[in-house]
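Just below is one structure, and these are the notes that go with it.
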Amino acid sequence: MMAEDAAQQVIAQNLANVSTNGYKQDVPIFKSFEENLIAVANESGEMQSDLGAMGNGAEFQTAITDFSQGPLKQTGNPLDLALTGNAFLGIQTVSGTCYSRDGALTISSGGVLVQAGTGLPVVSDRGTQIQVPVKAASIRVGPDGTVEADGKAVARIGLFAITMAEGPKKIGANLVETTIAPPQVDTRLDPSAGVRSGYIEGSNVNIIKQMVTMIAGLRAYEANSKALQSHDTVEDKSVNQIGKV
């Protein structure tokens, strides 16, 4: 029951972010307790033959993040960037560089390229903030992250490839931190990784699948609850009725 309750919290978090740009769903992982070996014993208590193993239930182990691609939605805004393949934006925070797939960007009053949702600066391929001329008539971002203002390249957005080896961990605000600094993406070696200007990547949460999983989890929780109640009833009768006889 505790395992199913923990899984329900993970699913609820996924459903709450079904409309969050670039959100990556979490998948609950369970593990079984150690099994007990059941054997036949003789009158003296010596084990004669094995009957097999008996499971002791399951527990919630962890939730892993599914980094698969989400659907792309066209917006027409040149500062909306859909990250494709294994590419993450570098985002400058007070605790260092974190990473995100939320490519909804804007330009601050000081001319710095920032995330529209968090207001945090986007990191360039050199690890610095990206300064854009405030009075630029047109701004364009190329597939490799090159930012052009009025046709002149001003910087290139840092794109980073994250795998499980870097130890990614969600920290809130649609940001991911890593234990090891991830390498930058080379779009020449990996053409699938890059950005698409004028698009936004949606959440990769499949709402129908999540709802089905939630219902199945609720039914499993109810079944275990009834089994627990039945066991409690049997113990109650054993103590209060059989004892009297």
Check on A87, open to solvent by less than 60 Å² (accessible area, probe 1.4 Å) and at pLDDT below 95: no
The lone exception for I171 - which of (1) touching a residue at least 40 places away in the same chain (Cβ under 8 Å); (2) outside any loop (DSSP other than H, G, I, E, B); (3) closer than 18 Å to L113 by Cβ; (4) not aromatic (F, W, Y) it fails: (3)
Options T118, T106: the member that is outside any loop (DSSP other than H, G, I, E, B) and either of a type in the set (D, E) or open to solvent by 50 Å² or more (accessible area, probe 1.4 Å) (or both): T106
Residue count, region 4-31 (criterion: loosely packed, with under 14 Cβ neighbours inside 10 Å and closer than 22 Å to F88 by Cβ): 2
Hits in region 179-225 - residues which are open to solvent by 60 Å² or more (accessible area, probe 1.4 Å), charged (D, E, K, R) and closer than 24 Å to N17 by Cα: R196, K209, R219
Positions within region 205-241 being of a type in the set (K, R) and more than 30 Å from T65 (Cα to Cα), in sequence order: K226, K237
Hits in region 77-95 (condition: over 22 Å from V154 (Cβ atoms) and touching a residue at least 24 places away in the same chain (Cβ under 8 Å)): T84, G85, N86, T93, S95
Pairs, first among the charged types (D, E, K, R) in region 197-221, second open to solvent by 50 Å² or more (accessible area, probe 1.4 Å), C-beta under 8 Å, six or more apart: E201/Q69; E201/P71; E201/L72; E201/K73
Residues (in a strand (DSSP E or B), touching a Gly at 6+ places or on another chain (Cβ under 8 Å) and open to solvent by 50 Å² or more (accessible area, probe 1.4 Å)) located in region 53-81: L72, K73, Q74
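The values are calculated or read from the model by the stated rules, or taken from the named source; none is laboratory data. As the structure is a computational prediction, the values presented were derived from the model and not from experiment. Glycine gets a Cβ as well: all are built from the backbone with ideal geometry, and neighbour counts include every protein chain shown. Side chains included, ligands, DNA and RNA excluded: accessible areas come from the protein's heavy atoms. Shrake-Rupley method; radii C 1.70, N 1.55, O 1.52, S 1.80 Å.
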